[in-house]
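Colleague: Quick one: the structure is below, and I'll ask about it shortly.
Derivation of every value follows stated rules applied to the coordinates shown; laboratory data play no part. Keep in mind that what you see is a predicted model, and the values were worked out from it rather than measured. Backbone-built Cβ (ideal geometry, glycine too); neighbour counts: all protein chains shown.
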Amino acid sequence: MASKEEPATPEEERLRIPARLDARAKIEHLAKKTITMARREVDPYVDIPSRTLSNVTFSKRKKIIEMGDATQRRSLFNLNQARKYMQTLLVARGCTQLLDEQKTTSIRDLYYMTKHTLADGKENTFDGQEESDPIIEDLEVTLGALREELHLFAAKRGSVVGPLTLVDAGDVIDLSRMGSGGWSVPGIVEPETIRFVGHGAKFILLVEKEAVWARLNEDKFWRRHECILVTGQGQPPRGVRRLLFRMVHELNLPLYVFVDNDPWGYYIHSVVKQGSIGLAFESKRMAVPRARFIGLSSFDPAAYDLSEDVSIRLNDQDRARAREILNYEWFRARPWQKEIRNMLRTGVKWELEALSSKGLSFVTEEFLPKKIADRDWI
Amino acid sequence: MTRVTAETLSRRQREISVSEFFAKNRHLLGFDSLRKALLTTVKEAVDNSLDACEEAGVLPEIWVELEAAKDTNRYLVRITDNGPGIVPEQAPKIFGQLLYGSKFHSLKQSRGQQGIGISAAAMYGQLTTGKPVSVESRTDRRSPAYAMQVLIDTNTNKPKAIGRRDLPDWHLDHGTLVELELEAKYLKGRQSVEEFLHQVAVANPHATLHYRSPNGETESWARTVEQNPTAPQEIKPHPHGVELGVLMKMLQSTRHKTVTRFLSRDFSRISPQLAGGLAKRAGINPKARPNTVARQTVDALYKAINDKKTRIRPPSTDCLSPIGVQELLAGLTRGVRAEFYGVETRRPAVYRGNPFQVEVGLAWGGDLAGDELAKVLRFANRVPLQYYAGSCCITKAVMDVSWRNYGLTQSRGALPSGPLIVLVHLASVWVPFSSESKVAVADYDEIRKEIKLAVQTCGRRLGQYVRRKARARNEARRREVFNLYIEEVVSSVEAITGKEQKLFRDRLLAISRRKTELAGMLEEAKGAAAGDDLEACENVLVVDPDAEPDAEPDAEPPAAPPVAAEAAADGEDAPGEGGAPAAEAVDSPEHLPPPIPAEAERDPGSQLELI
C-alpha cells in the first residue's frame, strides 16, 4: 500500500539515494544516513518504493508498466517492522561484501551469507530464502540499483536453441548445435557477459512449457522455420526476460509467445510484453511491447477442431484470476477482453499439450505455421 | 377385598420411630452414600466445634482424626476442640437427640441451623455399627474432665448416658472430644474430607486445624488471623420473612397481650403505629388478644403485611458477621498458592426479609492449573458446600459473569477456564438451602445479583492486573527485540562503512530505552484511566512470582503467608520463613498433639455392643 506518512518534520527529510552513485556508494550513503538519523535522535528508517498494484501505472505511450512514487516506511523502532529493517541492512551488508570482493553470487548464497542466529540464541536473522528474496528486491528498488549491479543473480532457469551465435563469458557458442538440451540462460545476461555475434533467424518463439519446447527442438522446428526457440519454464525469470529484450532490440526480431490457454498463460505473455507489478522498476529494460500472443487462444480449439476430451474445466481460482486480469489496465484492449471473456464463457482451459491430440507433430507442421502465416495473434 | 375399617387402620397407626424415619430420610441429612456419610459426620462436628469456640470467645483449634476400624467399611472419626466444653448434663441431649439445639429458635448467623447435624451423625453411627458416641469434655481447668458414652433409644428418640467417669488429667484446659464409629468409605479427591478441611481453613483464617487421615498422613493449617470474627447479633424476625403458618404459631405462643404489642415487639422494623395500621387493615381490633385472632383474619393480617402499599423498612443488617477483607485474604493465601488475590465484601442486602451479605475472593495464577475450568469454592456462613454445585445459586451467578472482559476464556454458559479459584461466601441469618442436607443455595434473584456484582468487582481488578502484566511483558519483550536487532544493525553499518560505530550503537540503545519506556508509560496511562490503582487497593494482594527470580522454585512466596498445600502432607515443603505465621508441614505424629490416649490404654469395655 502507498504510505500515508505524517508530514515530514525538518529533521525527518526523506531518505533519498542519489541516482548518480554506483551501487557500492549507494549502500554507503544509506548506512551514513542511518548514522545521521540516530545522531538526531530520529528512529532510523528506510523508505521503500511500494511494489504493489496500487503503485504501478500503465504507460499508454510506452506500453509498459511503470512504478509510481509511493513508498513504505520501514523503521527500526516499530515492533512490526524492526525485523525487516534489520534484514534490509543485513542484505545491504552482504552486497557490500560481494562488491568489495568483486564476486557475484546467487540470491540463495546471499541468504546463507546473511543468515545467522541472533544473540539470544533463539531467533534467526532469516528463517528461509523466501524471507530474504523479497528483502533483496526491496533493496534494489530502494537503492535504485539492479540485482546485477549488486552482484546477485537468481538460480538460472530457461533454455535457448536456434540459429544464433553468441559469446558467453568469452566462449563462442553456436546455439544451433546444442543437442536436445539447448543453452541454459544465465542469471545475468548483460553485455559484459553475453554478446550476440550473428544469427539466421526470422523470429523468436517463447514457449511456456519445457516439454513443448523439447518437442519443437526434437522436430527441429527452429531449423525449418528459422527461429530462435526459448523456454522460461513457466513464468520466465529475469535472465530470460532480459535476454528476450536484448534479442528483440539488438537483432530486431519479432517475438511470439506461445502459452497455455488459461489466466496464468495470459499473464506470462503480459509480463513479457509490458512488465510485472512486482518488478515494475525493471520494465523499461525488460518489457517487450512488440511481443505477440500466438496461442493458445480460447478461439483456437474451435478453429483447429480440438476434441473437448483434452480440455480442462476452469476452477474457481482460474475464474477469479481471469476476472482480476480483465480489470488490469493493460488488458483493456478489445481483443484481450474478447479472448478472456470467451474463455470464461466456454468454461474450459487448454494446455499446449492438448495440440498433440491431433498428432505429435501437429503443432510444428500445421498449427504454428498457419498461425504465423495468418498473422493470427494478439 | 375386605373393607378397611377405622379400627383396623388405627391398629396400624403408631408412632414412627426416629430410627425408621432416619433410615428413610438419610439422603436429606447427608448420609445417602458411604463416602458422603464420612464427610457429613466430620462436617457437622467441625461446624459445632467452630460455633462453640466462637461463642465462647476462644480461638478455635480443632483436631480431626480418621482411623480405619477393624471391620471393613468402618471408620473411627474423632474430633477434638479447645472450645468451652459441655456440662455433663447436656451432653446426652446434644449428641443423642435429634432436633435438639440452640440454633433453630433464633435468627442469627451461625453454621448449624437446625440442630440435626451431630446427633444425626451419632444416630447413623449407632445404626450402622451399633456403637455409641464417646464424649470427653472439660469446661475449665479447675473442674475435672469427664468421659461418657451416649446411646440413642431409637424407639423414643431419648438419649441415654452410660459409663460416665472422671478423667483426672485431660490434655486440654477446656474442650470437647467426640468419637464415633460408622460405616463409611474413605476416598481422597473432590468432595473428600481433605477438601472440606482445606476449604474450612480458607474461610476460617482464625482457626487452627490439624488432620490425620486413615493412612496416617497429617496436615495442619495454622491460624493466620489472631482474632475471632465479631459475634453475630441475634435479631427478631422481619415480617417479610415470615410465612403464614409461622405467623399463626407466633400468635398462639406470644407472651404479649395485644395484637399491636405482639407485632411491634416480636418483629423487627414494626413500630407501634405501623402495628396499629396493619391490624386495622386486617380488620382486627388492635387491642385483641393475639391467641383469639381467627384463622381467616390471620390470613388478612398476612396479606396486609405483604401488601405492596405497606412500607416496612428492610431489616437491620448489623447482625451479620462477614469474614472480612483482610481475613479473607489471609484465608486465601494460606489455602491457595496463587499470584493474584482479590476480595470484595458487599454491603448487606435482604431477601424475603432475611439479611444476607456476600463476599467474594479470587485467586489467580501461581500454582493453579491453567488449562482447567475455574474452581468455585462455595461457603454459607463459613461452611464449605461441596455437593450439587450445578444447581447452586452461587455457581450460576459465577457463570453469569462475562469473564472474557477480564482476560479469561469462557465458553457460553460455562465457568471460565484458566488458573482461577472463585470463592463465594454467603452470610445470612437464614441461608436458603435447597435441601435439608445443606449443600446448595436456593436461587433467589437478590442473592444471585449480589454475588454477581461482587464477582464483577473482583473480576475487574483481576482483569486490570492481567492486562498490566501483559503490558510489562510487552515492554520487556519490545526492548529485548530492539536491542537484539540493534546489534545486527550496528555490525552491518560497521561493515558497510568500514569503521567502528560505538557512538551509533549508544545512540540507538538510548532511543530504544526511550521508546520502550514511552510505550510502557502510554499503556500504563491507559490502564490507570481504566480503573483504580491496584497497589493502593486493600482488597488486592499480589504475590509477584518474578520478585525473587533466584529463589528456589519451592521456596515460599515472600509476600504471602505460606500455605500448606497438598505438598505439605508429603513433607516436601519447607516451613515458612520471613515472619509470617506459617502452616507447618507436620511430618511426624508428635507434632499433632494427640488428645487421645493410645488404643491400648483405652477402656475396652466401653465399647458396648448394641442391638
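Colleague: Using mean Cβ contacts within 10 Å as the protection proxy, how do B:77-86, A:118-127, B:37-46 order, highest first?
Modeller: The most tightly packed comes first, giving B:37-46, B:77-86, A:118-127.
Colleague: Counting other C-beta atoms within 10 Å, which of B:Arg412, A:Arg292 has the fewest, and how do the rest follow?
Modeller: Sorted ascending by nearby Cβ count, the order is B:Arg412, A:Arg292.
Colleague: Could you tell me which residue out of A:Phe221, A:Ser180, A:Gly232 lies farthest along the dipole of the stretch A:172-243 toward its positive end? Charges go on the beta carbon: Lys and Arg +1, Asp and Glu -1, centred on the Cα centre.
Modeller: A:Phe221
Colleague: If you fit an axis through the alpha-carbon atoms of helix A:263-274 and take the longest principal axis of the Cα set of chain A, what angle between them do you get, 0 to 90°, nearest 10?
Modeller: Taking the Cα atoms of chain A, the angle to A:263-274 is about 70 degrees.
Colleague: Could I ask something else about it? Neighbouring Cβ atoms within 10 Å as the yardstick, rank B:Asp51, B:Asp153 fewest first.
Modeller: Neighbour counts put them in this order, fewest first: B:Asp153, B:Asp51.
Colleague: For the stretch B:239-306, what log10 I(q)/I(0) values come out of the Debye formula at q = 0.23 1/Å, with one point per alpha carbon and no solvent?
Modeller: Debye output, listed in q order: -0.94.
Colleague: For the stretch B:239-306, with only Lys/Arg (+1) and Asp/Glu (-1) charged at the beta-carbon, what is the dipole magnitude about the Cα centre, in debye rounded to 20?
Modeller: 260
Colleague: Lysines within cross-link reach of B:Lys36: Cα-Cα under 18 Å, excluding same-chain residues under 8 positions apart?
Modeller: Within the straight-line cut-off, B:Lys36 pairs with B:Lys24, B:Lys185, B:Lys188, B:Lys438.
Colleague: Under a 5 Å amide H to amide H cut-off, with H placed in plane at 1.01 Å, what residues pair with A:Arg292 once short-range neighbours are removed?
Modeller: Amide H neighbours of A:Arg292, under 5 Å, 5+ apart: A:Leu255, A:Tyr256, A:Val257.
Colleague: Quick one: which of B:27-33, A:243-249, A:310-316 comes out on top by average Cβ neighbours within 10 Å, and what's the full order, highest first?
Modeller: Averaged packing, sorted descending, gives the order A:243-249, B:27-33, A:310-316.
Colleague: Turning to a different aspect of this structure: So what J values fall out for the stretch B:397-404 if you push phi through Karplus, 6.51 cos²θ - 1.76 cosθ + 1.60 with θ = phi - 60°, rounded to Hz, Gly and Pro as x?
Modeller: Here the 3J(HN,Hα) series is 5, 5, 6, 5, 6, 7, 6, 4 Hz.
Colleague: Whose amide H sits under 5 Å from the amide H of A:Arg73, counting only residues 5 or more places off or on another chain, with H placed in the peptide plane?
Modeller: A:Ile48
Colleague: With Rg and the Kirkwood Rh both taken from Cα atoms, where does Rg over Rh land for the stretch A:10-153?
Modeller: With Rh from the inverse mean 1/r over Cα pairs, Rg/Rh is 0.97.
Colleague: Once you treat every alpha carbon in the stretch B:18-186 as an equal point and sum by Debye, what is log10 I(q)/I(0) at q = 0.08, 0.11, 0.19 Å⁻¹?
Modeller: -0.21, -0.41, -1.29
Colleague: Another one. Could you give the spread of the C-alpha atoms of the protein assembly as shown along their three principal axes, from largest to smallest, in whole angstroms?
Modeller: Principal-axis extents of the Cα atoms in the protein assembly as shown, largest first: 131, 81, 65 Å.
Colleague: Could you work out the percent of alpha carbon pairs in the stretch B:105-223 separated by over 22 Å, rounded to a whole number?
Modeller: Value for the stretch B:105-223: 54 percent of Cα pairs lie more than 22 Å apart.
Colleague: Further question on the same structure: Can you tell me what the convex hull of the Cα atoms of the stretch B:269-386 projects to on average, as an area in nm²?
Modeller: Value for the stretch B:269-386: 11.1 nm².
Colleague: Okay, moving on. Would you kindly calculate the translational diffusion coefficient of the stretch A:159-373, applying Stokes-Einstein with the Kirkwood radius from alpha carbon pairs, for 4 °C and a viscosity of 1.567 mPa s, and quote it in µm² s⁻¹ without decimals?
Modeller: After rounding, the answer is 73 µm²/s.
Colleague: Could I ask something else about it? Quick one: which residues, 5 or more positions from A:Gly187 or on another chain, have an amide H under 5 Å from its amide H? H modelled 1.01 Å from N in the peptide plane, none for Pro or chain starts.
Modeller: The answer is none.
Colleague: Can you tell me what percent of all Cα-Cα pairs in the stretch A:69-148 are more than 22 Å apart?
Modeller: Summing the P(r) of the stretch A:69-148 above 22 Å gives 23 percent of all pairs.
Colleague: Using alpha carbons only, how many degrees (0 to 90, rounded to 10) separate the axis of helix A:82-101 from the longest principal axis of chain A?
Modeller: 80
Colleague: Need one number for chain A: average projected area of the convex hull over its C-alpha atoms, nm².
Modeller: The Cα convex hull of chain A, projected and averaged over all directions, gives 21.5 nm².
Colleague: Follow-up question, since we're still on this one. Sort A:Ile372, B:Ile118 so that the residue with the fewest other Cβ atoms within 10 Å of its own Cβ comes first and the one with the most comes last.
Modeller: Going from sparsest to densest Cβ surroundings: A:Ile372, B:Ile118.
Colleague: Something else about it: Specify the angular offset, from 0 to 90 degrees and rounded to the nearest 10, of the alpha carbon long axis of helix A:129-143 from the longest principal axis of the alpha carbons in chain A.
Modeller: Helix A:129-143 sits roughly 70 degrees off the main axis of chain A.
Colleague: Turning to a different aspect of this structure: Counting only pairs 8 or more residues apart or on different chains, how many lysine pairs in the stretch A:159-373 have their Cα atoms under 22 Å apart?
Modeller: Step by step, the pairs that qualify in the stretch A:159-373 add up to 25.
Colleague: Moving on to the next point. Whole-Hz ³J(HN,Hα) for each residue in the stretch B:507-518, computed from phi via Karplus 6.51 cos²θ - 1.76 cosθ + 1.60 with θ = phi - 60°, x for glycine and proline: what do you get?
Modeller: Those phi angles translate into 5, 5, 5, 5, 4, 4, 4, 4, 4, 5, 5, 4 Hz.
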